[in-house]
Amino acid sequence: MSGIDGLPPLREVIATHQLSAKKSLGQNFLLDLNLTAKIARAAGDLSNMDVLEVGPGPGGLTRGLLAEGARRVLAVEKDERCLPALDEIARHYEGRLEVINGDALQVDPLAKLTPPIAICANLPYNVGTELLVRWLTPTDWPPFWSTLTLMFQREVAERIVAQPGSKAYGRLALLAQWRCEARIVISLPPSAFTPPPKVSSAVVHLKALPEPRYPADAKTLERVVAMSFNQRRKMLRAALKGLAPDIEDKLLAAGIEPTERAEQVSLEQFCALARVLKS
Ligand code: SAM
């Protein structure tokens, strides 16, 4: 029996290539091609885009992306056991899939991609967060990518879209929302994966804005936000006292009460503080 795209069903692919899930590589596979097509659609119209997929595994999401019309997919996979399965997909979609066997934290695939570029991934969570922070903090803006469509642990997804005053609000929300539109687009129970992870997951879609929402020097903003949330229960005048001898005046100049805690401060106010500190 073949899958909806004419390739074998993913359970068969996994059995044929003996892809027993490795915990060390965070392997929780998506086997439902309707679901992977839905995730691909959440990435938007990919027909004129190159897609960078990180961690294709047996290729469920890769097949979703190609079936939904991605111009080209460049996939970076660390586990070489997955390469024969990915090779079958590459032959089926001739000229549209290229696979790099390597660690996404080490390889730089940029030279192999033609803009506009979308990034799509169902990654192990620790690698996903580290890559997200890298993608959100490039040297120049706009970045090399136009959109990110990424699977995260539900709790991490909530941190990305969080608003001031909530427990989830912090560095990730500010980094993401300063220069992107960020939304949770799909929620998934553990049973959507094989093997099922312990927690629920969610797909977050981020769209790079052409300009930051509020002007600020990126490095200064990143430093202020990191320091503010490293001691999130402290008043800002205490958490930030290492930044400037007259930090209370600077906070006031940015329209922030020095007795406020980081959790209450908006993105606009953090940007104002970064500008005051840089002036
Ligand atoms: N995309 C597939 C799916 O949705 O079924 C697999 C998802 S599984 C959660 C994560 C995949 O990322 C695995 O195939 C794993 O081997 C791969 N991976 C883990 N760490 C990686 C890294 N540092 N670089 C590239 N791939 C990695």
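Using helices alone, what [θ] at 222 nm do you get for the chain, with -39,500 (n - 2.57) per DSSP H run of 4 or more residues, divided over all residues and rounded to the nearest 500?
Helix contribution divided over all residues of the chain: -10000 deg cm²/dmol.
Output wanted: per-residue J couplings in Hz (rounded whole) for the stretch 206-213, from phi through Karplus 6.51 cos²θ - 1.76 cosθ + 1.60, θ = phi - 60°, x for Gly and Pro.
10, 10, 5, 7, x, 10, x, 4
Please report the Cα spread of the chain along all three principal axes, rounded to whole Å, starting with the longest.
Projected onto its principal axes, the Cα set of the chain covers 70, 37, 28 Å.
With the Cα gyration tensor of the stretch 1-69 giving a ≥ b ≥ c as the square roots of its eigenvalues, does the rule (a/c under 1.5 for rounded; else a/b larger than b/c for prolate; else oblate) give rounded, prolate or oblate? Could you put the intermediate results ahead of the total?
Values: a/c = 2.35, a/b = 1.40, b/c = 1.68.
Judged from the Cα gyration tensor, the stretch 1-69 comes out oblate (a/c at least 1.5, b/c at or above a/b).
In whole percent, what relative contact order does the chain give with Cα contacts below 8 Å and a gap of six or more residues?
Relative contact order comes out at 15 percent.
In whole Å, what is the distance between the alpha-carbon centres of the stretch 1-71 and the stretch 203-276?
So the two Cα centres are separated by 40 Å.
Tally Lys and Arg at +1 and Asp and Glu at -1 over the other residues with C-beta under 14 Å from the C-beta of Pro142: what net charge comes out?
Result for the local shell: 0.
What net charge do the residues around Leu83 carry, taking every other residue with its C-beta under 13 Å from that of Leu83, with Lys and Arg at +1 and Asp and Glu at -1?
Within the 13 Å Cβ shell, the charges total -3.
Does the stretch 218-278 classify as rounded, prolate or oblate by the C-alpha gyration tensor (a ≥ b ≥ c root eigenvalues; a/c under 1.5 gives rounded; else a/b over b/c gives prolate, otherwise oblate)?
Cα axes put the stretch 218-278 in the rounded bin.
Shape verdict for the stretch 181-239, please, from the Cα gyration tensor: rounded (a/c under 1.5), prolate (a/b greater than b/c) or oblate.
oblate
In µm²/s, what is D for the stretch 25-119 at 37 °C and 0.692 mPa s, where D = kT/(6 pi eta Rh) by Stokes-Einstein and Rh is the Kirkwood radius from Cα pairs?
250
Length gain on complete extension for the stretch Leu110 to Arg134, per 0.36 nm per residue less the alpha carbon to alpha carbon distance?
7.3 nm
If you average the sequence gap of Cα pairs under 8 Å that are 6 or more apart and divide by the length of the stretch 1-121, what percent do you get for the contact order?
RCO, the stretch 1-121: 27 percent.
Using Cα pairs under 8 angstrom and six or more residues apart, how large is the relative contact order of the stretch 218-278, in percent? Kindly include the intermediate steps, with their values, before the conclusion.
On the way: 63 pairs, mean separation 23.8, N = 61.
Relative contact order, the stretch 218-278: 39 percent.
Compute the signed sum of charges (Lys and Arg +1, Asp and Glu -1) over the other residues within less than 11 Å, Cβ to Cβ, of Asp50.
Combined, the nearby Lys, Arg, Asp and Glu give +2.
Where a number appears in this text, it was derived from the coordinates with a stated rule and is not lab data. What you see is a predicted model, and the numbers here were worked out from it, not measured in a lab. In this analysis, Cβ positions are derived from the backbone assuming ideal geometry, glycine residues included, and neighbour counts consider all displayed protein chains.
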